[in-house]
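Below is one structure, written out as structure tokens, with a few remarks after it.
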Amino acid sequence: MFDKVLIANRGEIALRIHRACREMGIATVAVHSSADADAMHVRLADESVCIGPPPSSQSYLNMAAILTTATMTGVNAIHPGVGFLSENARFAEMVEEHGLVFIGPEPKHLALMGDKVQAKEAAIDLGLPVVPGSKGAVESLEEARSVAGDIGYPVLIKAAAGGGGRGMKVARSEDELEDAYRMARNEAKAAFGNSEVYLEKYLTRPRHIEVQILADGQGNAIHLGERDCSLQRRHQKVLEEAPSPGLNTEARERIGEIARQAMLKLGYRSAGTLEFLYEDGEFYFIEMNTRLQVEHPITEMITGVDLVREQIRIAAGHPMTLRQEDISFNGHAIECRINAEHPETFVPSPGQVIDYHPPGGMGVRVDSALYGGYRVPPHYDSLIAKLVVHGQTRNECLMRLRRCLEEMVIDGIETTLPLHRRLVENPTFINGSYAIHWLEEWMAAHR
Ligand code: ADP
């Protein structure tokens, strides 16, 4: 096993990884920007090194600085966390070239799944059902028109390099196609430096269902059930639950097994998530995330499996000892993403947290790097806390979540807590009948 791991991330996820390392007897090295000198992940790590100024391009994305720090501090491995360099194949390769272990998949799988056009082609080869759409990228407006004519409107134009919901545009009819096509390309070029786009049927009322996978690249793969991430704003997840209130046991086992077989066939190593849309009893693959997911704790709550620990063990070359028959699902879990944003306008609200009181008690987990007096810097993602709640049934989980949202205090900055407090009282949320477009429609209607 590793003696020392460098955590190339910040915030709650850096802390999450630090905790797993600590419990495994592994020392940790934190890296941080000058804006994060007082951050919790820096305070708790065994060693910490400032690697650059506040902008992430010069700190958390600065590969040379991170690799130099890794060499200087004598770590065995680097955990990239979520976002930043976690899906960067070149970085993973460089880590290996430095004689270190990248705690994640092989670079070739990062590269394959990082390009959504290639990923979709690979998915078809692996036997995964996909959303009807263009075969590969669309090279011209004429081609887009012809594909859209074949599959029928509405269609969605998506960036090959996409992520975070950017570079995605809907065309409801042929009149809207030209604008949507140009806007998607421009947005993709601006956000990812790659204007390649592809086209998909736009599903009007699917759920977002994703399957958690663990595989060791040595012939073992398991699935840990699904997460329902249908509550979204601008294609970004707001609240997630496991299991999905929209799946029955048959559908759950079917998609889990399909995902598991695909990972075995691919020879995938590490934790990963296959994302699907689910409509009228059918699953459609949309993408694979080759890393830990923000919402991984809800899977941990219902399976009792520590996903980060497993990721680290697999990276250290240990064959997985968990088998599919060892995985059972216990109760229900929900995660609320709490962002430093205005709850109605979603304008970021960085600044000093005056008072912080996380809820506690049975079945409650708060993953956060906040503390009273902490100053949320304006330079990074606005996620500041994840409130994760478990109950024996979905109803118990909802009652507990309400109680926790009442108890939780984050004063001094605006947060999305009030949005979650409204959401847990909503009948559509309570009865679990929502699909991916519902949250935005509901918010628009209740402004
Ligand atoms: P990103 O990598 O930017 O997150 P995804 O492909 O994972 O993009 O899609 C993000 C979200 O966009 C999905 O969860 C879903 O809400 C929506 N979406 C993606 N593809 C479709 C589609 N074909 N029809 C309807 N909604 C879609």
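Judged by the ratio a/c of the largest to the smallest principal axis of the C-alpha gyration tensor, region 34-73 counts as oblate, that ratio being 1.5 or greater while a/b is no larger than b/c. Measuring r between the beta carbons of residue 280 and residue 234 and using R0 = 25 Å, the FRET efficiency lands at 0.50.
Sticking with the crude label model, points 7 Å out along Cα→Cβ, report the distance from residue 182 to residue 135 in nm, one decimal please. About 3.0 nm separates the two model spin labels. In this structure, the amide hydrogen of residue 369, modeled 1.01 Å from its nitrogen in the peptide plane, lies closer than 5 angstrom to those of 12, counting only residues at least 5 positions away or on a different chain. In plain terms, the residue of 270, 34, 173, 86 with the fewest other Cβ atoms within 10 Å comes first and the most crowded comes last, giving 173, 34, 86, 270.
Here the relative contact order of region 284-418, from alpha carbon pairs under 8 Å that lie six or more residues apart, stands at 30 percent. Given a Förster distance of 56 Å, report the FRET efficiency between residue 395 and residue 93 from their Cβ-Cβ distance, rounded to the nearest 0.05. Once the sixth-power term is evaluated, E becomes 0.70.
Which value in Å does the Kirkwood hydrodynamic radius of region 207-445 take, with 1/r averaged over all unlike C-alpha pairs and then inverted? About 18.6 Å, per the Kirkwood formula over Cα pairs. Projecting label points 7 angstrom from Cα along Cα→Cβ for residue 409 and residue 189 puts them 5.2 nm apart. Taking Cα centre as origin and charging only the Cβ of basic (Lys, Arg, +1) and acidic (Asp, Glu, -1) residues, the dipole magnitude of region 254-367 rounds to 620 debye. Protection proxy ranking of 129-138, 2-11, by the mean of other Cβ atoms within 10 Å over each peptide's residues and highest first, is 2-11, 129-138. Across region 418-429, rounded Karplus estimates of 3J(HN,Hα) from the backbone phi angles (6.51 cos²θ - 1.76 cosθ + 1.60, θ = phi - 60°) give x, 4, 5, 5, 6, 4, 6, 9, 7, x, 5, 5 Hz, Gly and Pro being marked x. Net charge dipole, the chain: roughly 460 debye, given to the nearest 20, about the Cα centre with Cβ charges of +1 for Lys and Arg and -1 for Asp and Glu. Can you tell which of 21, 54, 72 lies farthest toward the positive end of the dipole of region 4-97, using +1 and -1 charges on the Cβ of basic and acidic side chains (Lys, Arg; Asp, Glu)? Comparing the listed Cα positions along the dipole, 21 ranks first.
Couplings 3J(HN,Hα) of region 106-115, computed from phi: 5, x, 5, 6, 4, 5, 4, 7, x, 9 Hz, in residue order, whole Hz [Karplus 6.51 cos²θ - 1.76 cosθ + 1.60, θ = phi - 60°; x for Gly and Pro].
Exposure proxy for 428, 321: other Cβ atoms within 10 Å of each Cβ, ordered fewest to most, give 321, 428.
Which one, 97, 200, 287, has the greatest fluctuation when you compute a Gaussian network model over the chain with C-alpha springs under 10 angstrom? Most flexible of the set in this elastic network: 97.
For the peptides 111-119, 418-426, 224-232, residues were scored by their other Cβ atoms within 10 Å and the scores averaged per peptide; the highest-first order is 224-232, 111-119, 418-426.
Beta bridges assigned by DSSP with both partners in the chain are antiparallel in approximately 80 percent of cases. For region 55-95 versus region 254-315, the inter-centroid distance based on Cα atoms is 24 Å.
Based on alpha-carbon centroids, what's the gap between region 103-120 and region 365-386 in Å, whole number please? Using only Cα atoms, the two centres lie 30 Å from each other.
Shape class for region 67-132: prolate, because the ratio a/c of the largest to smallest gyration tensor axis (alpha-carbon atoms, square roots of eigenvalues) is 1.5 or more and a/b beats b/c.
When restricted to Cα atoms, the chain yields an Rg and a Dmax of 21.3, 61 Å, respectively. When the listed pairs 135/237; 4/108; 135/265; 4/120; 4/158 are checked against a 32 Å cut-off, the alpha-carbon distance exceeds it for 4/120; 4/158. Can you tell which of 272, 255, 243 lies farthest toward the positive end of the dipole of region 227-300, using +1 and -1 charges on the Cβ of basic and acidic side chains (Lys, Arg; Asp, Glu)? The Cα lying farthest towards the positive end belongs to 272.
Rounded to whole numbers, the Karplus 3J(HN,Hα) couplings from phi for region 75-84 are 7, 8, 8, 10, 9, x, x, 10, x, 6 Hz, using 6.51 cos²θ - 1.76 cosθ + 1.60 with θ = phi - 60°, and x at Gly and Pro.
The residue 402 and residue 249 beta-carbon pair, evaluated with R₀ = 35 Å, returns a calculated FRET efficiency of approximately 0.80. The mean sequence separation of alpha-carbon pairs under 8 Å and at least six residues apart, normalised by the residue count of the chain, gives a relative contact order of 14 percent.
In terms of other Cβ atoms within 10 Å, 69, 249 run from fewest to most in the order 249, 69. Based on Cα contacts under 8 Å between residues 6+ apart, region 132-201 shows a relative contact order of 43 percent. Mean-square fluctuations from a GNM of the chain, with a 10 angstrom spring cutoff on Cα atoms, peak among 344, 196, 325 at 325.
Readers should treat all values here as calculations from the given coordinates under stated rules, not as data from a laboratory. Because the structure is a prediction, the values reported are computed rather than measured. In this analysis, Cβ positions are derived from the backbone assuming ideal geometry, glycine residues included, and neighbour counts consider all displayed protein chains.
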